[in-house]
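What follows is calculated from the coordinates using simple rules that are stated; it is not laboratory data. Everything quoted here is computed from the prediction, not taken from an experiment. Backbone-built Cβ (ideal geometry, glycine too); neighbour counts: all protein chains shown.
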Amino acid sequence: SAPGDISSTDILVASWRRLPFTSASFDLILAPRGVPFRGVALEAALNAIRPLLRPGGALFLGVANRRSPVHRASAPSSGISPRRLKSLLRRAEYVSVEFYGVMPDLDVPEYIFPLSPYALSFALRHRYRRRLPPRWSGWFAHPLVAAFFLPFLPAWYVLARVPDESEG
């Protein structure tokens, strides 16, 4: 089929605890609202999902930011830091790990952008341009201000790819 043609795409739903699939079954696994976890369960889920991806395949995962005031108040033990998640993904043999900011949240992502102060600055300016006085929304134009807010985003996405045949 042509690139971008999804007419032959199968959509399957399963729990990571009982995955009824054979190895190398998928090009892409989507978990945009994340994987429910506590403690070592996330590492177990990543290790269970990894063999299901074909060489060069990818995992798209939504993650609640544990440093966000929103999640700290509602579920202090949920979420994981980007550094820790990247470490778990590397241990599970994902070779490429990219993070993306999400606003306002995983349920209704209005903005998805590379996790950088410049991209967050753009998203904040765009989101609040009509909701705040111009002098306040102008603050968001400065990357240092955005850099301050970056660790407190309510959620982010991670796109992790497994090696293709040429990468071993």
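Efficiency by 1/(1 + (r/R0)^6): what FRET value for TYR118 and SER81, r their Cβ-Cβ distance, R0 = 30 Å, to the nearest 0.05?
0.90
Put +1 on the Cβ of every Lys and Arg and -1 on every Asp and Glu Cβ in the chain; which of SER116, TRP136, SER87 then has its Cα farthest towards the positive end of the dipole?
In the chain, that residue is TRP136.
Using only helices, what value at 222 nm comes out for the chain when you add -39,500 (n - 2.57) per DSSP H run of length 4 or more and divide by the total residues, to the nearest 500 deg cm²/dmol?
-8000 deg cm²/dmol
Taking only Cα atoms, what is the 0 to 90° angle, nearest 10, from helix 82-91's long axis to the longest principal axis of the chain?
Once rounded, the angle reads 10 degrees.
The range 85-168: percent of C-alpha pairs farther apart than 16 Å?
When every Cα pair of the range 85-168 is considered, 59 percent fall beyond 16 Å.
Determine, for VAL108, VAL145, the number of other Cβ atoms within 10 Å of each Cβ, and report the residues in order from fewest to most.
The order, fewest Cβ neighbours first, is VAL108, VAL145.
How much length is gained on full extension from SER8 to ARG33, taking 0.36 nm per residue of separation minus their Cα-Cα distance?
Full-extension gain reported as 6.6 nm.
In 5 Å bins starting at zero, report the fraction of Cα pairs in the chain per bin as a rounded %.
For the chain, the pair-distance distribution reads 1, 8, 15, 18, 17, 15, 10, 7, 5, 2, 0, 0.
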